[in-house]
Each structure stands twice: as structure tokens, then as C-alpha cells.
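*Asks:* Dropping a structure here in C-alpha cells format, bear with me for questions.
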Amino acid sequence: MADPETPSTAQGPVTISTSSAERAPIVYFDGASCFGHHNGAIQIELAANLLMPVGAAVRVDVVQTAHLRCSVAAALALREALDKALAMYKQGQQQPNEEIPAVKN
């Protein structure tokens, strides 16, 4: 039996509660408008472009969509997830397009 006072070095898989997964907001952004850190917390402001009609023209307004705050460890985990997602995207772009047959047998 494991000693309850000795921390485990092997961390098990993370289980996300199903009670929150469907209610989590979706944050869309076109870029990071600014970033910094304060008292050990990473701070990133996410922004999106809004197209606003002005007569026959269009004006682009930039609005904040989220204020991201996290620890350094969480920022590193986010960067790793983004790097892996971009690698998956790049791999998918390199695969040759398969022609879809007109009639399947």
C-alpha cells in the first residue's frame, strides 16, 4: 500500500468532470492584443476583429474577447498544446488530396 504522506511521482491521467465540459465557453480570437506578467501570473489579452458597416464602406473594430490569466506551468502546457495542434494541422495539409469517385460500388 502506498504511503499517503509520500507524494506520488507518477501522475495519472487527468479526468475532466462531465458536469462542466458542455457548459464551458468557447473563446474565439483573431490575435493577442497585448501580454505581460504580474506577481507570477501570465497575462494575455485576446482580441477579435468586428466588421462594422459605415455607409457603403466597412470599418474594422478590434474588441477584447478574453482576459487570459494563468500560472507559468499552465502557460507552458498551453504552448505545448498549441504546438501539437499546429503540428497536426501542418501534417494534415501535407497529405495528398484523395479524389472522391463519382460512383461507389
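*Asks:* So, counting K/R as plus one and D/E as minus one, what does the shell of residues with Cβ under 13 Å around residue 87 add up to? Before the final figure, lay out the partial values.
*Replies:* Numbers: positive: 79, 84, 90; negative: 80, 83.
Local net charge: +1.
*Asks:* Please give the contour-minus-distance gain from residue 84 to residue 71: 0.36 nm per residue of separation, less the Cα-Cα distance, rounded to one decimal in nm.
*Replies:* Contour length minus Cα-Cα distance gives 2.7 nm.
*Asks:* Which FRET efficiency, nearest 0.05, do residue 50 and residue 15 yield, Cβ-Cβ r, R0 35 Å? Working shown, then result.
*Replies:* Working: r = 38 Å, r/R0 = 1.08.
The value I calculate is 0.40.
*Asks:* State, to one decimal in nm, how far the label point of residue 23 lies from the label point of residue 95, with both points 7 Å from Cα in the Cβ direction.
*Replies:* Each label point is offset 7 Å from its Cα along the Cβ direction, giving 3.6 nm.
*Asks:* Just how much of residue 83 is accessible, in Å², when a 1.4 Å probe is used and the result is rounded to the nearest 10?
*Replies:* 90 Å²
*Asks:* Hey, another quick one. Could you tally the net charge around residue 63, taking each other residue with its Cβ under 12 Å from the Cβ of residue 63, Lys/Arg +1 and Asp/Glu -1?
*Replies:* -3
*Asks:* For labels at residue 102 and residue 30 in the simple 7 Å Cα→Cβ model, what's the distance in nm?
*Replies:* 4.2 nm
The values are calculated or read from the model by the stated rules, or taken from the named source; none is laboratory data. Since this is a predicted model, take the numbers as computed values, not measurements. Don't worry about glycine lacking a Cβ; one is built from the backbone with ideal geometry, like all the others, and counts go over all protein chains shown. Just so you know, the surface numbers come from the protein's heavy atoms only, side chains and all, with ligands and any DNA or RNA stripped out. Shrake-Rupley method; radii C 1.70, N 1.55, O 1.52, S 1.80 Å.
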